[in-house]
Every structure is written in C-alpha cells, then in structure tokens.
Amino acid sequence: MTRSKPRRSSRLYLLFSCRGGSEMNRVRVQFRPLADRPRGQRGLRSASLRIAAIGIAVLSIVQCSDFSIYDLLGGERGGTLEPTATAVNIEVTSTYRAGATGGFEPYSYSVSGNGVPARGSIDPATGVYTAPAVLPDGEIFTHDSIVITDYIGSTVAVTVRSFARLRATPQSATVNANGEIIATISGGVAPYTASVADENGTPDPTSGSVIVAGNSVTFTAPPSPGKSLIVVTDQIDNEVIVTIHVVDPVALQISPSSATLEYGDYVEFAITGESSPFNTSFAPLGYGEIEGADSPTPKYTAPASGPQGVATITVTDSALSTVSATVFVVAGTPDELVIVPSFVEIPRNGSATFSVSGGIAPYEFALQQPNRGTLTVNGATVVYTDAGTPGNPPIRLIVTDQSGQETTATIRRK
C-alpha cells in the first residue's frame, strides 16, 4: 500500500477545542498561508477570521488554555501589521513614540542594536524610545531597531538613528548683493552637501550659489535684493537652514533685522545707506532705551524687568525712507528651535507626528510642496497626513518661530 503525499493547502487553520458544559465547542481560526507573509515579517499574517462553533454560542468561549479567542477577536485591527514610520532620525536625549497599524492588538515593543548592544531604551508597553544621552566614543550616530510585536507574534521594525544636533553658524545673516558670507556647520553626520532655495524653500539657482569645503559653506549672493535660503544636508537626511537677506548696498538697511534679548541686555545695530544722517527710534516708548540714536551704530538696551514683549526699532534717513528691526525681550534666552523627528520615512497615504521646542512660540508650519499633504497643528505638535500624490521626491516641513528662526524636517515616502 502506498501513501500519497498530502496536498498542500492554500490556507492555514488553527483548531482550538474548549469544553463548556456538556458539549465540546470548536473554534477554527483561518490565516493566510505562511508563504504569503510580507518580506521580513515573522509569524502569521492575518487575513480573516472564520469561526465555526458546535454547541453553545461562540462568544461564550472566552479562554482556552492561555490563548484567548475573545481577546484575539477584539484586538484585530484589520490588514497586515505595518509600522506608522519605517525610519526616523532624532537627536541625542530626544524621545520618539513608535506605532503600528493592522495585525492584532495589543502591541509590545523592544529595541535591538545594529550588530552591537542597543544604544537607546524603550518602554515595552507604550513604545516610547529614548535616544542615548551622549554618543558612544567613536560613533557619529547610533543605529537601533524598534521591534513591534502584535498579539499573535507578527513583527515589524523601525530604524531609529540618533545624532548630535546639526547646526549652522550664523543661522541668519544680511549680505550685500553680489557679496559673500561663510557659514560653519557642525554636528549631524558629515560630509555635508548644500543647495540654495528661494524664500519659499524651492530650489532656485538664481537665489545665489554655494561652495562646500569640509564644514564651511561659502554663499555668494545674487545681484538683486531678496531672501535666500542655504539648505545644508548631512549623510542621514538631516537638514539645517541658513536664512540670508540680500540687500542693496545703497538702500537704507539695518542689521540685524531681528534679535532676541534677555532683560537688561543690549544689541548694537549697523545702519547703512547713502541718505544720511539717520535717526533711530523705538516703540513702545519706555520699553528700553536707545543710545546713539543719530549714529550709524545705535544701541538698544532692553528693560531690566517687566513683561516679556517686542520692541520695534525704526530708522529714518534724510530722504524720509524707513527701515525696521524687531527685538524680542524674554526672561531667559530661548533654546535653539528643534523639531523631532528631523527625518521620517512613512508609507504612501500615511501620517507622521512632529513636536517642536525652543525658539519663541507660537510657531508657523508650512510645507514646501503644499499639494503633497496636509498639516494639522495643535500648539507645538503638528501631524502631517500624506495625500498619496504621484512621485517620490522628499517633502520638506518648515517651522518658523516668532523671531524668524527656521528649522526643517524631511519626510520621505517608502
């Protein structure tokens, strides 16, 4: 007698039996075959649940050994288990909350290193990952994987890279038309690249040119006045922006055009233009004082105490032309403007949540490419929802504080 090979089934069934009352009740749970699981995902891939019961009602079967059918049904999210983001960049000491869709809840979270012990830590219940406080010796960034596991054991991973903050000095500057300025870059992951964009963040070769040499970026201004952005990018897709105000050397100008002072501090302005003499005033009256109001280098001193506020410095020349600068008076020097994460990779039609700190609130949020998605703002938190438009170029989210300081986050669709 020969035994034929069993025919390979296109479905996988799990049969659970629980005895209730005087009858045996059977529950059959149907899964897609293991061969159909997504690449890189272990365990079973949920497709549907098919339940057949003999005897009393199926929902009366709550617990069978240590596997709860009731919990399985209640935890189904529908569809394949997927992370809300597949890769993120955050600065050292920052936190990121991982998330997932599909599969079966509840999810659990763990973290592993990339061939080395994990550099960060994670809350296994909430998925909040905390980057290391400092980079380990010899490492310019860390590379961890957050592993998300659902109720039936399916897993997906999120790549998390942490780094020292990418900085540019100065963050903003005023340059004469056809003039030059050098910005110094630090942090992030070198080598750096740089490009020039217009004031809306759109790449524009007519807004000037840049040359990168190590950690220095030399910007040459265009012949016409306007606003240009130097966009510096490191090797793991972090960006930092230097805002350049290009001015006509013969027109009335004031530099800097904005400043942030603590109580009692001062800022010295430089006035240029061909229609001297100049006269400098400020408003509101009594909110600080001006020294050298009729000189080309007036000095504004903030009040020693009182409410935080804004002073407007106005210069008038002999032709009655005017130009203004804004001074923010604060109780303590604001921290640098930061957005977390600074880079995120999401599925098409997915979403990503960002949090902003530092600078001077409230913040303004804008997309360089408005048709690529929508922004939902709640104070210092913004949620980007992808519109699913064709093409795959990076999407830039630009954040501006009240002093004009800017920072960006890059969104890439997987």
* Residue match in the stretch 373-389 (condition: within 19 Å of residue 168 (Cα to Cα), at pLDDT 90 or above, under 21 Å from the mean Cα position of the chain (by Cα) and not assigned by the TED database to the domain that holds residue 195) -> no
* To do: Could you tell me which numbered condition residue 198 fails, if it satisfies all but one of (1) farther than 30 Å from residue 133 by Cα; (2) touching a residue at least 40 places away in the same chain (Cβ under 8 Å)?
  => (2)
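Yes/no per residue for (1) among the β-branched types (Val, Ile, Thr); (2) outside the structural domain of residue 301 (by the TED database); (3) not in a loop (DSSP other than H, G, I, E, B):
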{"position": "184", "(1), (2), (3)": "yes, yes, yes"}
{"position": "189", "(1), (2), (3)": "yes, yes, no"}
{"position": "195", "(1), (2), (3)": "no, yes, yes"}
{"position": "218", "(1), (2), (3)": "yes, yes, yes"}
{"position": "222", "(1), (2), (3)": "no, yes, no"}
{"position": "229", "(1), (2), (3)": "no, yes, yes"}
{"position": "242", "(1), (2), (3)": "yes, yes, yes"}
{"position": "271", "(1), (2), (3)": "yes, no, yes"}
{"position": "276", "(1), (2), (3)": "no, no, no"}
* Which residue out of 248, 204 is over 30 Å from residue 163 (Cα atoms) and acidic (Asp, Glu)? -> 248
* **residue 235, sole failed condition from (1) in a strand (DSSP E or B); (2) surrounded by fewer than 23 Cβ atoms within 10 Å (Cβ to Cβ)** => (1)
* Asked: residue 80 versus (1) closer than 26 Å to residue 189 by Cβ; (2) modelled with pLDDT of 60 or more: which is the lone unmet condition?
  -> (1)
* To do: Quick one: which residue in 175, 156, 147 is touching a residue at least 24 places away in the same chain (Cβ under 8 Å), assigned to a strand (DSSP E or B), assigned by the TED database to the domain that holds residue 211 and surrounded by 15 or more Cβ atoms within 10 Å (Cβ to Cβ)?
  => 175
* To do: State yes or no: is residue 267 touching a residue at least 24 places away in the same chain (Cβ under 8 Å), under 30 Å from residue 93 (Cα atoms) and not basic (Lys, Arg)?
  => no
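The values are calculated or read from the model by the stated rules, or taken from the named source; none is laboratory data. Remember, predicted model here, so these are calculated numbers, not experimental data. Cβ coordinates were reconstructed from backbone atoms using ideal geometry, including for glycine residues, and neighbour counts include every protein chain displayed.
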